[in-house]
Every structure is written in C-alpha cells, then in structure tokens.
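What follows is a set of notes on a single structure, which appears directly below.
We did not get these values from a lab; they are worked out from the coordinates using the rules stated. Note that the structure is predicted; figures quoted are calculated from it, not measured. Counting neighbours? That spans all protein chains shown, and the Cβs are built from the backbone with ideal geometry, glycine included.
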Amino acid sequence: MTEHFRRTLIARASQPYRAAGFFAWNFAKGKLKGDPAFFGLLAHGLIPDAKRLMDLGCGQGLLASWLLEARTLYESGNWPAQWPAAPKIESIWGLELMSKDVERARAALGTRAEFALGDICRTDFCTSDVVVILDVLHYISYEAQEDVLRRIRASLPAGGTFITRIGDSAGGLPFHYSNWVDRAVFFLRGHRVNRIYCRTLEDWLGIISRNGFTVMQLPMHRGTPFCNIMLIAKAI
Ligand SMILES: C[S@@+](CC[C@H](N)C(=O)[O-])C[C@H]1O[C@@H](n2cnc3c(N)ncnc32)[C@H](O)[C@@H]1O
C-alpha cells in the first residue's frame, strides 16, 4: 500500500463527517489513521461480500464509511495490487447506544447506511451475512455477552461471518494500557464508566466456539502500545 493510497482512503472515509461537525470529522480522521483495525480488515480480506452487514456498537458509523469508500476506490481501479478485493456490501445496519453518535452517523452517511439507537442487549438483530463488533463486548455483563453471541449466531446463516476485536486480559501491561485509554475515551464521549467485563483470549475463544462458531485469531495492534486481537468466526 502506498502512502498516497493510505491518505486517500482516510480522507475519503472521513470527509462525510464534515457534515456532522468539527468533532466528528476530526475524530474520524484520528481514529481511521491511528487504529490498525480498519486497514487490517481490508488488507487481510476479513469481510466477505454481503447482502447485509450488521455493526453492533457502531459508534459514529466509521466502519460503514470505511467499507463504502473502500469499495468505491476498488471499483475505480485505485486499489493496492496485493490486497484482496474490497467487499461489496449491499446494506449496512449499525446499532449504537449513544444518541449523539447515531446523529453523527446519520448526518455523515445519510441513506448510504442505516443506523439505529439501541442497546445490543435489548434490541432485536436483523438477519445478516456478516456481523462486526469492534471493542464493545467488554462493556456488557458476562451473562449478556453469552446471550448476545447466541443471538448473533441466530442472525447468521451457516458459513456467515462474525468478527470481533477483544483485549486479552492475560496480555499484561499492554492490556492494562488498552483498557485505561479505552475507559478514558469512553468517559470523554459522555458514558458513565461502570465495570467492564474482560476475559482472557482463551476464554473469548471458548465462549464464541460454544455459541456455534469456529474461530481464528489475528493480532491487530501493530504500531500501537495496545493488546487487541481480532477474532474471525464462521457460523457452523
Ligand atoms: C470503543 S467504542 C467502538 C466504536 C466502534 N465499534 C468503532 O470501532 O469505531 C464502543 C462503542 O460501543 C457502544 N456501546 C457500548 N455498550 C453498548 C450497548 N450495550 N449497546 C450498544 N452500543 C454500545 C458505545 O457507545 C461506543 O460507541
């Protein structure tokens, strides 16, 4: 990937957030630039083509903007030769607890994606081919994690894809640093910082497998001091 391509994709995926205000635009630029998950998802071809992708705890909808712009660049022939094709996603549905984030997502993306306000523990999921949850599961209780995973499995067909990024609570200092930054950002974005519900990598693999998935792991924190791992699961 060239530096020019990197800048182009970040600029294009952030650009719609100008319509959502100064904070939303700058947050988009900073997050897309600093978080290796966004490029990682594309470079490793983790998200397949899909009729519907569900993004749970979608924040201001950055993943939707990212995937839409990636596909536009791919279709225009502006795409790294060594990367797999950008996924073709027909519709994206995001669910988010914070009304400000939902407003920002809607202001930025209009009708290009759909965003709903709600709690993933209480909102019915739609039928999907791909479900993504980035950095959210540890905010919900252990029992709710199990229930959400069971409902995600029920929303997918056999062979459907579930992708989540988690922290490994056995990850030592980088894990504690990740948590500290995560909680600080969560607080600054207006949440009350309650208890968080972390697990070791082994535990995450176990809970996802016993809810009907095969699962593989891919570290996704290169270039950062964090300890985040992407889990790519396929519905059995
Ligand atoms: C660390 S942010 C990640 C945002 C987004 N997934 C991303 O990677 O850009 C966690 C998000 O999960 C949302 N969230 C936390 N608990 C939630 C719940 N129970 N239902 C819906 N969203 C939730 C928060 O409001 C926040 O926007």
ask   = For Ala11 and Trp180, what does the FRET efficiency come to when R0 = 30 Å and r is the distance between their Cβ atoms, rounded to the nearest 0.05?
value = 0.50
task = Kindly state, to the nearest 0.05, the FRET efficiency for Leu188 paired with His44, given R0 = 45 Å and r defined as their beta-carbon distance.
result = 0.90
remark   = Computed Rg/Rh for segment 3-235 (Cα atoms; Rh = Kirkwood radius) stands at 0.93
task = Once you've got the GNM for the chain with C-alpha springs shorter than 10 Å, pick whichever of Trp79, Trp204, Trp180 has the biggest mean-square fluctuation.
result = Trp180
note = In nm, the gap between the two label points placed 7 Å beyond Cα toward Cβ at Met216 and Glu3 is 3.3
key: Total charge dipole magnitude, the chain, about the Cα centre, Cβ charges on Lys, Arg, Asp, Glu only, Debye to nearest 20   = 460
inquiry  = So if each residue of separation counts as 0.36 nm, and I subtract the Cα-Cα distance between Glu90 and Thr72, what length gain in nm does that give?
reply    = 5.2 nm
